[in-house]
There are 2 protein chains.
Amino acid sequence: MLLLELDDRDPKPVYRQIIDGVRRKIESGVLRAGDKLPSTRRLAEDLSLHRSTVALSYQELWALGYLDLRPRSSPRVRERVRIAGANGGGDEALIDWGRASAPAAGLAYQAYLQAERETDLSYGSSPVDFRSLDMDRRLFPLESFRRAMSRALLKNGASLLGYPSDRAGFPPLRETLARRLRSHGISVTAPEIFLTNGAQQALDMVLRLVAAPGRAVAIESPTYRQIIPLIRLHGLKALEVPVRDDGMDLSVLAAALRSKKLALVYTMPNFQNPTGVTTSQAHRERLLGLCETHRIPILEDGFEEEMKYFGRVVLPIKSMDRHRLVIYCGTLSKVLFPGVRIGWIAADRECVERLKAIRLFSELATSAVPQAAVHEFFESGAYDRHVSRMHRVFRKRMQTALRTLSQELDPEWAEWREPKGGYLIWIRMKPVPGRAVDWEGLLAGLGVKVSPGRPFFFSRTPASHLRLSISTVNEDEIVEGVGRLAEAARRAHAGRTS
Amino acid sequence: MLLLELDDRDPKPVYRQIIDGVRRKIESGVLRAGDKLPSTRRLAEDLSLHRSTVALSYQELWALGYLDLRPRSSPRVRERVRIAGANGGGDEALIDWGRASAPAAGLAYQAYLQAERETDLSYGSSPVDFRSLDMDRRLFPLESFRRAMSRALLKNGASLLGYPSDRAGFPPLRETLARRLRSHGISVTAPEIFLTNGAQQALDMVLRLVAAPGRAVAIESPTYRQIIPLIRLHGLKALEVPVRDDGMDLSVLAAALRSKKLALVYTMPNFQNPTGVTTSQAHRERLLGLCETHRIPILEDGFEEEMKYFGRVVLPIKSMDRHRLVIYCGTLSKVLFPGVRIGWIAADRECVERLKAIRLFSELATSAVPQAAVHEFFESGAYDRHVSRMHRVFRKRMQTALRTLSQELDPEWAEWREPKGGYLIWIRMKPVPGRAVDWEGLLAGLGVKVSPGRPFFFSRTPASHLRLSISTVNEDEIVEGVGRLAEAARRAHAGRTS
């Protein structure tokens, strides 16, 4: 007789309780291979259940490989051959994953381990976080998004949950984003928009398109740190172009273009990460002209296009791109929600078609579920309201940060540029005579998280730079954090750093 | 004076009507660079609005580059330099995207164009679709999913919408999937689970991990068609191992392993796509033993693990994987919703860590929003109920398909194996004496969509095979479709095919 205890208070349906009960008995060895189980009729009587309930449980146990069911004979426990133990269970691993990995994947792994180690510092209590370039979750318009998601699923449920029909992403959101880009001066239509799983995937897809052995891409130096391992993962070379007060040094780029053919030029013209530099109209025109002459695509990263809250920024390079050589990429991660993972590329249609081919084979499609919710969010006006609010909030936060820095930091200790918007301030800590200061460590001890400058450079060793991001800190926290930064500088220059 | 018409019935907020009105006037040339606009005070009076509303509009116009705002002077229309026209606007494209693409990306594009052309056939009215391996949308548990999404956002809103904290995916869903895999005999824990954007991304990520120039992977022949261009995109070679009645020919694989080192062996032991073949316990043990001897990872694709509705399928290879060389991948796309794009890898922890590195640089993270909704869907019991329902439905559909094929198709015309579950039936159409038949075209004319066998082979030219999928057709449609297939065969053998 099969002893199974059903529990009225268990929220699980009865048929599942039977399944779990039998499985436990098999896995614990109470029932062994070949043991008979009662017929469905018999077990149903024993447990006072409908026979179909027991039949359903047996069928699933059979499908899962626990039982043998044959017509006109008793159900029996099936032989389950030597099931392996859980990972770490002692048996020798036969694969050396380092040797099994491609060299490029190995480099990515080293960079990943390095990045993981960096987050290991220990901080004083209540640290002020100038390191994160996440969004301030206190500003999330959660309720509007929940309503938008609910509307999206009601309107388009079945089509959102089947295979997406368009490999470039949910068409209505592409329309919406094209309209939004037009308001930034970029004349594009929906077929030129390709949605990605965040801006990082946009970079990856574009590099997948152009990455051939021996090719090189021009990057700003310093640059977005996560593109550096990506360039290595693709086996590409990098031409580093130093960033000056008005963006990348075009004479360096021009000289390189005379001698070699580049696969593309990667640039962030607004609030460059990490320097915060915004280029002028003249710089944008010269860069575009240079690339037109040499027929080199520009990968323009407009990651904070929406955060022009001081109103002093010119239009994107893409807005002047009559010959369609600019691949523009944007993201919602720096103005709305990083967690919806929505970025996009605006480019020549043929370029978009070629990206769709890479998408087809690398992931078939991205989920339209978050895309449709974001579309509804735009349609309801919630996006416009949110951007206006972000402008008000960050205009004040940046003003507070710049004012406090000027008040607290002695010009002998540090220098920085005033950004025209966005979240980033790049500070060069001046050398302390006679000694090297570990600014990151010193600041950690005082309860301030900052990004050191090093990982933003592909190869050169920079001076002591710190990147401050104000994306997750409010005005009080900014004042407190800058105060601690000033205290660190004071101590360093007074020779008290331990 | 600035003439703006505000419309009370317009659902747009007033400040946005002002923005749009001014933009239209600038874009249509009514307002030109340098033109003065009224002060905020003056325009507010004219339109009987609060001054802050007008100020908000002006600020956004300024941020978007339409206006210059300076203290103590009138707002003016800003100079917007030569904005490019919409795509296709006549100017010469300067980039030859074919030459700009890497050779591997070019191959992917050719394969994509080929796939696009294939969907161009014209069908008779009300075609029966045996081609799609999508899910039958009539079976979607939409309402349960909507409730699950709503709960997920209520419970975890802010954390789901920030940057995901775990690069391997939403931890509670990884717990849930580990539990589900354990019910299939696979002993894994959450840290060994890596969520992907559908199973296709799982394949791509694993190939990214191992793809080094000159390496080869063993694949079944025929195999899942979308892995073929992916192998080429990665610049890998393929060793094709023919599929026999009990899966890939292990003597061919063994011979190859003696002479060369493979990066991995890719196999679908259940309901193989496209042949429907399910391998025996003995075959699985021999394959695993062979790969253990040669220390070669196995990539086990369990794309229809859940669809063992006839209960005659043995446990996955991964269930016996004591030495952790099996990289198992699964998906929700073939049992629940393809549109949530949720697949997973279960593998050795170090392998998972190395995949996290590739994820970090190629897309940072995947969205936890659909993952959390699916987790809630499991928790509520809706997933178990759905799988039980799918088993009932597809057991009957497959029985109907096999019975109807036997009744309608003369053994002189065609032969096929009876699958042990899943959705696929692989039919070899026997040669019609004296002529080559275009089965796909002939069937299209009779209103039946089928997949021809060709694209499932990497290089060899196969005999005339058709893959029938029953995933989107109900029993009536199956009977109708098989009837039309029999009619096509009858006509072909009677010499009437045009």
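The values are calculated or read from the model by the stated rules, or taken from the named source; none is laboratory data. This is a predicted model, so every value here is computed, not measured. Counting neighbours? That spans all protein chains shown, and the Cβs are built from the backbone with ideal geometry, glycine included.
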Conditions: (1) part of a helix (DSSP H, G or I); (2) polar (S, T, N, Q); (3) within 9 Å of chain B (Cβ to nearest Cβ). Residue A:187 meets all but one. Number of the miss? (1)
Run down B:179, B:174 and say which single residue is more than 9 Å from chain A (Cβ to nearest Cβ), of a type outside the set (Ser, Thr, Tyr) and without any contact (Cβ under 8 Å) to a residue 12 or more places away in the chain. B:179
Of (1) within 27 Å of residue B:235 (Cβ to Cβ); (2) at pLDDT below 95, residue B:197 satisfies all except one. Which? (2)
What number of residues within segment B:329-344 satisfy the criterion of being closer than 24 Å to residue B:395 by Cα, hydrophobic (A, V, I, L, M, F, W, C) and out of contact with any strand residue (DSSP E or B) (no Cβ under 9 Å at 6 or more places or on another chain)? 2
Quickly run through segment B:198-223 and pick out the residues that are closer than 28 Å to residue A:369 by Cα and either away from chain A (no Cβ under 14 Å) or hydrophobic (A, V, I, L, M, F, W, C) (or both). B:199, B:202, B:203, B:205, B:206, B:207
Taking helices (runs of 4 or more DSSP H) that fall entirely within segment B:224-329, which contain at least 1 residues that are more than 13 Å from chain A (Cβ to nearest Cβ)? B:250-259, B:281-294
Residue identified as of a type in the set (A, V, I, L, M, F, W, C) and at pLDDT below 95 among B:152, B:168, B:158: B:158
List pairs: first in segment B:304-332 and in contact (Cβ under 8 Å) with a residue 60 or more places away in the chain, second of a type in the set (Val, Ile, Thr) and in a loop (DSSP other than H, G, I, E, B), Cβ under 7 Å, 6+ apart or cross-chain? B:306/B:335; B:307/B:335; B:313/B:278; B:316/B:186; B:318/B:186; B:319/A:83; B:319/B:186; B:328/B:186
Out of B:403, B:496, B:428, sole residue that is surrounded by fewer than 20 Cβ atoms within 10 Å (Cβ to Cβ), part of a loop (DSSP other than H, G, I, E, B) and not acidic (Asp, Glu): B:496
Is it fair to say residue B:443 is free of Cβ contacts under 8 Å to residues at least 60 places away in the same chain, under 28 Å from residue B:136 (Cβ atoms) and not in a loop (DSSP other than H, G, I, E, B)? yes
Looking at B:76, B:138, B:72, B:82 in this structure, which one is at pLDDT 90 or above and of a type outside the set (S, T, N, Q)? B:138
Restricting attention to segment B:332-359, the residues that are in contact with a Leu (Cβ under 7 Å, 6 or more places away or on another chain) and assigned to a helix (DSSP H, G or I) number exactly 5
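Residue-by-condition table, conditions (1) part of a loop (DSSP other than H, G, I, E, B); (2) within 14 Å of another protein chain (Cβ to nearest Cβ):
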residue: B:6; (1), (2): yes, no
residue: B:10; (1), (2): yes, yes
residue: B:16; (1), (2): no, yes
residue: B:31; (1), (2): yes, no
residue: B:44; (1), (2): no, no
residue: B:49; (1), (2): yes, no
Out of all the residues in segment A:380-398, which are surrounded by fewer than 16 Cβ atoms within 10 Å (Cβ to Cβ) and either among the hydrophobic types (A, V, I, L, M, F, W, C) or within 23 Å of residue A:130 (Cα to Cα) (or both)? A:389, A:392, A:396
Can we say residue A:150 is over 24 Å from residue A:359 (Cβ atoms), at the interface with chain B (Cβ under 7 Å from one of its Cβ atoms), without any contact (Cβ under 8 Å) to a residue 40 or more places away in the chain and surrounded by fewer than 20 Cβ atoms within 10 Å (Cβ to Cβ)? yes
For segment A:121-147: of the residues being away from every other protein chain (no Cβ under 12 Å) and among the charged types (D, E, K, R), which is nearest to the chain's Cα centre (by Cα)? A:131
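Okay, residues lined up against (1) more than 30 Å from residue A:103 (Cβ to Cβ); (2) among the β-branched types (Val, Ile, Thr):
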site: B:232; (1), (2): no, no
site: B:241; (1), (2): no, yes
site: B:245; (1), (2): yes, no
site: B:249; (1), (2): yes, no
site: B:265; (1), (2): no, yes
site: B:275; (1), (2): yes, yes
site: B:279; (1), (2): yes, yes
Can you name the number of the only condition in (1) in contact (Cβ under 8 Å) with a residue 40 or more places away in the chain; (2) touching a strand residue (DSSP E or B) at 6+ places or on another chain (Cβ under 9 Å); (3) farther than 30 Å from residue B:232 by Cβ that residue A:122 fails? (2)
Residue set A:372, A:368, A:346, A:357; condition within 25 Å of the chain's Cα centre (by Cα), in contact (Cβ under 8 Å) with a residue 60 or more places away in the chain, surrounded by 24 or more Cβ atoms within 10 Å (Cβ to Cβ) and facing chain B (nearest Cβ under 9 Å); output residue A:368
Considering only segment B:154-172, I want to know if a residue exists there that is part of a helix (DSSP H, G or I), in contact with a Phe, Trp or Tyr (Cβ under 7 Å, 6 or more places away or on another chain) and either of a type in the set (S, T, N, Q) or surrounded by fewer than 17 Cβ atoms within 10 Å (Cβ to Cβ) (or both). yes
Residue list for segment A:238-263, restricted to those being of a type in the set (Lys, Arg) and surrounded by fewer than 15 Cβ atoms within 10 Å (Cβ to Cβ): A:258, A:260, A:261
Evaluate the following for residue B:60: is it modelled with pLDDT under 80 and in a helix (DSSP H, G or I)? yes
Go through segment A:373-414 and give me each residue that's within 19 Å of residue A:143 (Cβ to Cβ) and either touching a strand residue (DSSP E or B) at 6+ places or on another chain (Cβ under 8 Å) or of a type in the set (Phe, Trp, Tyr) (or both). A:377, A:378, A:383
Segment B:195-229 - residue that is free of Cβ contacts under 8 Å to residues at least 40 places away in the same chain and crowded, with 22+ Cβ neighbours inside 10 Å and, of those, farthest from residue B:116 (Cα to Cα): B:207
